[in-house]
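Peer 1: Below are the structure tokens for one structure; questions will follow.
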Amino acid sequence: MPAAPASLPLDHVDAWIFDLDNTLYPPEADIFAQIDERMGRFIADLLDCDRVEARRIQKDYFHTHGTTLSGLMTHHKVAPHDFLDFVHDVDLTVLDADPLLVAAIAGLPGRKFIFTNGDAPYAVRVLDRLGLGQSFEAIHDIHACGYAPKPTLSAYHGMIDSFGIDPARSLFVEDMARNLKPAKALGMTTVWINNGSERGAHEADPDFIDIEITDLGQWLGSIQRRTS
């Protein structure tokens, strides 16, 4: 896929929307390895199967339903709070604040939001570890989406309606390229952080990626320097 440009005029943007995991911190932190392990343990206990079969089910649901949780709710009537509380009980000391990113987000004009397929309590813990606990107006999480995860279109409409966001004046940053397709269809400026996260490049297409970057803090800093 040809690389999308690293810069476009962004003077129109007054709502900055960010994914959380593997977007506000690098995938090398490997938080998902811990979450993966706990998902496997949850499924193995729930279905009384071995860990190999549990992992197969976990990945199948992730790929076919958008999240493992969505598959578990559909096929096994799992209570979402029980699942999310369990799988997000992870060690976040592997995360460190990135002063460049913290300063760059603080310097953005307009409103700032988190849009995540995780839940708000986990997101708050992650943001606090990253030094971003006071940086965002709101978190639109999987509960607020009615458990229809990105890239389900209703998740985006729910966020837009909840916070009075004008898509044409919004910018959305994601590591999962396919989650940008609905955002682009709604009129948002889309930014793909191509940093090697699991299946991040799946379904990537320049038709719905306006800007492609590899480091969020550096990019945000560069656009602020160009406009200062």
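Peer 1: For segment 25-74, which positions are within 30 Å of residue 97 (Cβ to Cβ), of a type in the set (Lys, Arg) and open to solvent by 60 Å² or more (accessible area, probe 1.4 Å)?
Peer 2: Matches in segment 25-74: 41 only.
Peer 1: Report, by residue number, each residue of segment 192-208 that is open to solvent by less than 30 Å² (accessible area, probe 1.4 Å), within 13 Å of the chain's Cα centre (by Cα) and not polar (S, T, N, Q).
Peer 2: Hits for segment 192-208 are 192, 193, 200.
Peer 1: Please state which of the following conditions residue 44 fails to meet, knowing it meets all the rest: (1) modelled with pLDDT under 95; (2) not assigned by the TED database to the domain that holds residue 141.
Peer 2: The one condition residue 44 does not meet is (1).
Let's see how each residue does on (1) part of a helix (DSSP H, G or I); (2) in contact with a Cys (Cβ under 8 Å, 6 or more places away or on another chain); (3) more than 23 Å from residue 11 (Cβ to Cβ); (4) touching a residue at least 24 places away in the same chain (Cβ under 8 Å):
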{"position": "131", "(1), (2), (3), (4)": "no, no, yes, yes"}
{"position": "142", "(1), (2), (3), (4)": "no, no, yes, yes"}
{"position": "151", "(1), (2), (3), (4)": "no, no, yes, yes"}
{"position": "158", "(1), (2), (3), (4)": "yes, yes, yes, no"}
{"position": "171", "(1), (2), (3), (4)": "no, no, no, yes"}
{"position": "184", "(1), (2), (3), (4)": "yes, no, no, yes"}
{"position": "198", "(1), (2), (3), (4)": "no, no, yes, yes"}
{"position": "204", "(1), (2), (3), (4)": "no, no, yes, yes"}
{"position": "209", "(1), (2), (3), (4)": "no, no, no, yes"}
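Peer 1: Right, residue 97: open to solvent by less than 40 Å² (accessible area, probe 1.4 Å), farther than 20 Å from residue 152 by Cβ and either touching a residue at least 12 places away in the same chain (Cβ under 8 Å) or touching a helix residue (DSSP H, G or I) at 6+ places or on another chain (Cβ under 9 Å) (or both) or not?
Peer 2: Taking the combined requirement at face value, the residue does not satisfy it.
The values are calculated or read from the model by the stated rules, or taken from the named source; none is laboratory data. Small disclaimer: the values here were computed from a predicted structure and weren't measured. In this analysis, Cβ positions are derived from the backbone assuming ideal geometry, glycine residues included, and neighbour counts consider all displayed protein chains. These accessible areas exclude ligands, DNA and RNA; they are computed on the full protein's heavy atoms, side chains included. Shrake-Rupley method; radii C 1.70, N 1.55, O 1.52, S 1.80 Å.
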